[in-house]
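To keep things clear, I will list the structure first and then write my remarks on it.
Only the coordinates and a few stated rules stand behind these numbers; no lab work does. These numbers come from a predicted model, not from an experiment. Ideal geometry is used to build each Cβ from the backbone, glycine not excepted, and the neighbour counts take in all protein chains shown.
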Amino acid sequence: MRRTIRFLLGEETREIESSDPTATLLDWLRADARLTGTKEGCAEGDCGACTVAIGRLSGGRLRYEAINSCIRLLATIDGCHVVTIEHLKRSDGSLHPVQQAMAAHHGSQCGFCTPGIVMSLYALWLNEERPDETRIEDALAGNLCRCTGYQPIIAAARGISDFGRRREDPLIANADAIAARLKTLRDEETLLVEQEERRLIAPATVNALADAVVKEPRATMLAGGTDVGLWVTKEMRDIAPVIYLGRVEALKRVEDRGDALIFGAGANHIDVRKALATIHPQLDELMRRFGGEQIRNAGTIGGNIANGSPIGDLPPALIALGATIMLRRGAGRRVIPLEQFFIAYRKQDRRAGEFIETITVPKPPPDALIHVSKVSKRFDEDISSVCGAFLLRRGPDGLVAEARLAFGGMAATPKRAANAETILKGKPWSEESVALAIGCLAVDFKPLDDMRASARYRATVAGNLLRRFLMETTDAAIATRVAGLMRADAPRAAHG
Ligand SMILES: Cc1cc2nc3c(=O)[nH]c(=O)nc-3n(C[C@H](O)[C@H](O)[C@H](O)COP(=O)(O)OP(=O)(O)OC[C@H]3O[C@@H](n4cnc5c(N)ncnc54)[C@H](O)[C@@H]3O)c2cc1C
Ligand code: FES
Ligand code: FES
């Protein structure tokens, strides 16, 4: 058992002996490390003012990601490289190319959001020398700027390499040395962060994790913290004791088994997106619109499922594809269809001592028709009002042989439209059949009625999504997704 949190902060190695187990990285950076360039705006992962870059070893490779330090617990950066806006300063005092580009293109006005924007662009530049417009917008989707407008910032993003060479950036030039230092911080010991009676346990192996969850069945499980972090910063809940899953490399795996994709529950949304995109482009679009880049870097597939939100984006898509989840308790495992995991509002079939270990997503046969729509008020960084994901197969006679119609936002849990599915079976895939299926939705669902959308709106949209599915799969000439105003290269649907 190790009791010291170890990480790299810029060029220094830091070791923290004792800490509040639920202290956020942002609070530690500002109050303890006195690195106040990183700002607090919303404290809920929305505005991006708190963005820092985190380097971590992934499959032996050093990988930098932008994350929201406001909802990230300090203890979870054990073994990582933390890079803040202060670390961009050159030894001769000159500005970093990202900062030079922002200044040259007038990308900053009030300046409060600027450090976060610079860090998001820096993380992007570290990964891609000349990102295209779509990637730039993706990288900025989690950064709010209310005064400058985004065009100067996007222009700055395009122009970073005019001010310096990427290969000369210290993080790129010294990547091997940084990776070697991170390797020395890694071990298989369980990390215990304890203060008085409150503790966070971070096992490094899946077996140690399984033991820890059995021993502490009432502990809060923490993965990316993009839901749990807000319990701390917004609801002021004491979530201790905490079991952190993020040190377990095996949980982050994404494997293509040929007939199915296997995800470790700790795979982040960036990796999940890449794999799901191989199944269907609308799954790629769905994941592109999942939170902002910082949320996609931190948030995990397991967290999105286990959270049990009726408006989580992945469950409808995974249910439509016929996904199963493996739950583990100690050495015991059970596999259930994902839809059975959701019992009632925020009540999941997770027994004491269990955690989600893997998610298996069967690859649909080539003749399957697939549709995924996320309907939300904003294109980026918004939670769904309704999410619809459908899979349909026709038999040799051309009639519907199988229909899996899954919705989010239509009930207290992500749920299939059982009656609508039944009525479609054995019928032609036609306007008449879809009209019958739409008629069944009123029986299948009592939609949520809240500030995101009224029940009536949701019911209407759900039916329209089935119509859109029919149109998209029967008449390729109909444009069902509105072309973007700024993204010339990608279909953009303001409402899904
Ligand atoms: C700004 C912002 C934007 C967001 N946008 C979206 C969006 O567009 N779409 C969307 O669906 N969600 C969105 N979310 C919600 C959140 O990002 C997702 O639900 C995310 O996938 C949660 O994953 P996590 O790893 O961060 O989970 P955590 O916050 O770590 O955990 C979430 C829950 O899952 C449990 N848990 C985690 N892993 C396991 C496991 N392996 N086994 C058992 N229990 C586990 C935790 O105990 C907790 O109850 C957003 C959140 C924020 C803050
Ligand atoms: S302070 Fe707004 S995202 Fe962190
Ligand atoms: S420069 Fe002020 S909100 Fe962005």
Over the stretch 250-362, calculate the relative contact order: mean separation of alpha carbon pairs under 8 Å at least 6 apart, over the residue count, as a percent. 28
Ordered by fewest other Cβ atoms within 10 Å, a rough proxy for footprinting exposure, 351, 14 read 351, 14
Bounding extents of the stretch 369-474 in its principal axis frame from Cα atoms, largest first in Å, are 45, 28, 20
Label-point separation (nm) for residue 2 and residue 377, each offset 7 Å from Cα along Cα-to-Cβ? 4.4
Using Cα-Cα distances under 8 Å and only pairs 6 or more residues apart, what relative contact order does the stretch 369-474 have, in percent? 22
Efficiency of FRET from Cβ geometry, residue 211 and residue 402, R₀ 30 Å, rounded to 0.05: 0.15
Between the Cα axis of helix 175-185 and the main Cα principal axis of the chain, the angle (0 to 90°, nearest 10) is 90
Using the beta-carbon distance between residue 194 and residue 12 and R0 = 22 Å, what value does 1/(1 + (r/R0)^6) give for FRET efficiency, to the nearest 0.05? 0.35
What is the packing order of peptides 228-236, 198-206, taking the mean over residues of other C-beta atoms within 10 Å and listing the highest first? 198-206, 228-236
I'd like the antiparallel share, as a percent to the nearest 5, of DSSP beta bridges with both residues in the chain. 90
Give the distance, in whole Å, between the Cα centre of the stretch 359-415 and the Cα centre of the stretch 278-328. 12
From the Cα gyration tensor of the chain, with a ≥ b ≥ c the square roots of its eigenvalues, which class applies: rounded if a/c is under 1.5, or else prolate if a/b is larger than b/c, or else oblate? oblate
Under the 7 Å Cα-to-Cβ spin-label approximation, residue 61 and residue 44 lie apart by a distance in nanometres of 3.6
Using the Cα centre of the chain as the reference point, and only Cβ charges (+1 on K/R, -1 on D/E), how large is the resulting charge dipole? Debye, rounded to the nearest 20. 700
Taking the simple approach of a point 7 Å from Cα along Cα-to-Cβ for both residue 234 and residue 103, what is their distance in nm? 3.7
To the nearest 0.05, what FRET efficiency results for residue 161 and residue 110 with a Förster distance of 25 Å applied to their C-beta separation? 0.40
Per the helix-only calculation at 222 nm, which mean residue ellipticity applies to the chain, given -39500 (n - 2.57) for every DSSP H run of n ≥ 4 and division by its residues, nearest 500 deg cm²/dmol? -8500 deg cm²/dmol
Can you give the charge dipole size of the stretch 225-354 about its Cα centre, rounded to the nearest 20 debye, using +1 on the beta carbon of Lys and Arg and -1 on the beta carbon of Asp and Glu? 380
